[in-house]
Amino acid sequence: MTLKISCLQLNIAFGDPAENQQRVQTEVEKLSAQRPDIIVLPELWTTGYDLTRLDEIADEDGAHTKAFISELARLHHINIVAGSIAKKTKDGITNTMYIANRNGDIVGEYSKLHLFQLMDEHLYLQSGEAPGLFTLENTLCAGVICYDIRFPEWIRVHTVQGAEILFVVAEWPLPRLHHWRTLLQARAIENQCYVIACNRAGHDPNNTFAGHSLIVDPWGEILAEAKEEPCPLTAEIDLQKVKQVRKQIPIFSDRRPEHYITSEKNFPKKY
Ligand SMILES: NC(=O)CCC(=O)C(=O)O
């Protein structure tokens, strides 16, 4: 089965959900003429990293965002991996991804597990706990958020359960572009899965972002890569390739998990 996937590498208006929603609506309408199967948005696409104002601008229970993407997906008959947004609940604010299928059903939700201290996330956000597995087009997929890609053990939690496509949504700054590209290729090679990585473009008061959204195949080959500017990035992926690579080098059946650390609580105190 082949799927046409488009990342919407957007510039995000700082702390302005209404403006960002308008931008997403316009871009999805334009892109839908090319009939992609799946559209992907970047991290925190409604607010950007306007963390000090989150109390005011975060989405209560994500209700507004869910209704918006569900309607957009249904209207254009396109699956949407809707980046992430600041979701407000009585327990605090999370950096949360929603996924809508072609019928407008919300089929997945994931809250960022690893909070990025360099951008103050730990001061304003609560971390999630559950993995980001969901099914689109009969394919098991995983969603993670930006800094999460530095934790291969977290990505593995998803691929040992059979995920074939890893969606990464991000606000990754330009000074670490080299890490972004290398980590994404590594995650694709070691997990033998497609990696669809949608970064934002532009800058906010504290950072210039890298763009360079990437679509990488299970052999680690880059199928498409954006430049720094806002733009859509599209590639067609063939899921047969996942099966072929996993058969050629059968890492999932060659794993020896009984020798791996399952919890660091089991570490000896001293060596
Ligand atoms: N928004 C993020 O999680 C950024 C992560 C990042 O920049 C990194 O270097 O890791």
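Laboratory data are not the source of any read-out in this text; all were calculated from the coordinates shown. Source: prediction; values computed, not measured. Cβ atoms come from the backbone with ideal geometry, glycine included; neighbour counts cover every protein chain shown.
At q = 0.25 Å⁻¹, what is the base-10 log of I(q)/I(0) for region 3-85 according to the Debye formula with one equal point scatterer per Cα and no solvent? Please give it to two decimals. Taking Cα atoms of region 3-85 as identical point scatterers yields -1.27. When the chymotrypsin sites (Phe, Trp or Tyr not before Pro) in region 164-246 are filtered for DSSP coil states and for at most 15 other beta-carbon atoms within 10 Å of their beta-carbon, the remaining sites are 219.
Using helices alone, I'd like the mean residue ellipticity at 222 nm for the chain: each DSSP H run of four-plus residues gives -39500 (n - 2.57), total over residue count, nearest 500. Intermediate results must be reported in sequence, preceding the final value.
Values: 8 runs with 74 residues, N = 271.
-8000 deg cm²/dmol, from helical runs alone.
Backbone amide hydrogens, once placed in the peptide plane, bring residue 97 within less than 5 Å of 85, 110, 111, 112, excluding anything fewer than 5 places away on its chain.
Can you work out the PRE-style zone for residue 222? Point 7 Å along Cα to Cβ, and I want the residues of region 192-216 with backbone N under 20 Å. Under 20 Å, as judged by backbone N against the label point of residue 222, lie 192-202, 208-216 of region 192-216.
Phi-derived couplings, Karplus 6.51 cos²θ - 1.76 cosθ + 1.60 at θ = phi - 60°, listed residue by residue for region 83-93: x, 9, 9, 7, 9, 9, 10, 5, 8, x, 10 Hz, with x used for Gly and Pro. Here the simple spin-label model places points 7 Å from the Cα toward Cβ, and for residue 25 and residue 135 these points are separated by 3.3 nm.
Pairs of Cα atoms nearer than 8 Å and 6+ residues apart set the relative contact order; for the chain it is 18 percent. Based on alpha carbons, the Rg and Dmax found for region 40-91 are 11.8, 36 Å.
Put a dot 7 Å past the Cα of residue 244, heading toward its Cβ, do the same for residue 229, and the two dots end up 3.4 nm apart. Cα-Cα pairs above 17 Å in region 38-141: how many percent? Within region 38-141, distances greater than 17 Å cover 50 percent of Cα pairs.
Where does the longest stretch of the chain lie that holds no trypsin sites (Lys or Arg not before Pro) found in a DSSP loop with 15 or fewer other Cβ atoms within 10 Å? My reading of the result: 91-226 is the longest stretch. By the beta carbon rule, with partners counted only under 4.7 Å, the chain holds these lone Cys residues: 141, 146, 193, 231.
Okay, which of region 157-177 sit inside 17 Å, backbone N to the point 7 Å along the Cα-Cβ direction of residue 118? Zone members listed by number: 169-177. Over all pairs of different C-alpha atoms in the chain, the reciprocal of the mean inverse distance, the Kirkwood hydrodynamic radius, equals 18.7 Å.
Note on the chain: dipole from Cβ charges, positive end direction compared against 142, 41, 97; the farthest Cα belongs to 142.
Here the Karplus curve 6.51 cos²θ - 1.76 cosθ + 1.60, taken at θ = phi - 60°, turns the phi angles of region 4-11 into couplings of 9, 10, 10, 9, 9, 7, 9, 8 Hz, with x standing for Gly and Pro. Positive contributions from Lys and Arg (+1) and negative ones from Asp and Glu (-1), summed over other residues with Cβ under 10 Å from the Cβ of residue 57, come out at -3.
Counted by neighbouring Cβ atoms within 10 Å, the residues 38, 106, 261 run from fewest to most as 261, 106, 38. Between residue 252 and residue 206, the simple label model (points 7 Å from Cα in the Cβ direction) yields a spacing of 3.8 nm.
As a ratio to 2.2 N^0.38 Å, the alpha-carbon radius of gyration for region 195-271 is 1.68. Taking amide H atoms as placed 1.01 Å from N in the peptide plane, the amide H of residue 50 lies under 5 Å from those of 15, each 5 or more residues away in sequence or on another chain. Distant-in-sequence amide contacts of residue 9, defined by a placed amide H-H separation under 5 Å and a gap of 5 or more residues or a different chain, comprise 231, 233. In summary, the helical segments of the chain meeting the span-like criteria, namely a full DSSP H run, a Cα extent along the axis of 15 angstrom or more and a mean Kyte-Doolittle hydropathy of at least 0.0, are 63-76.
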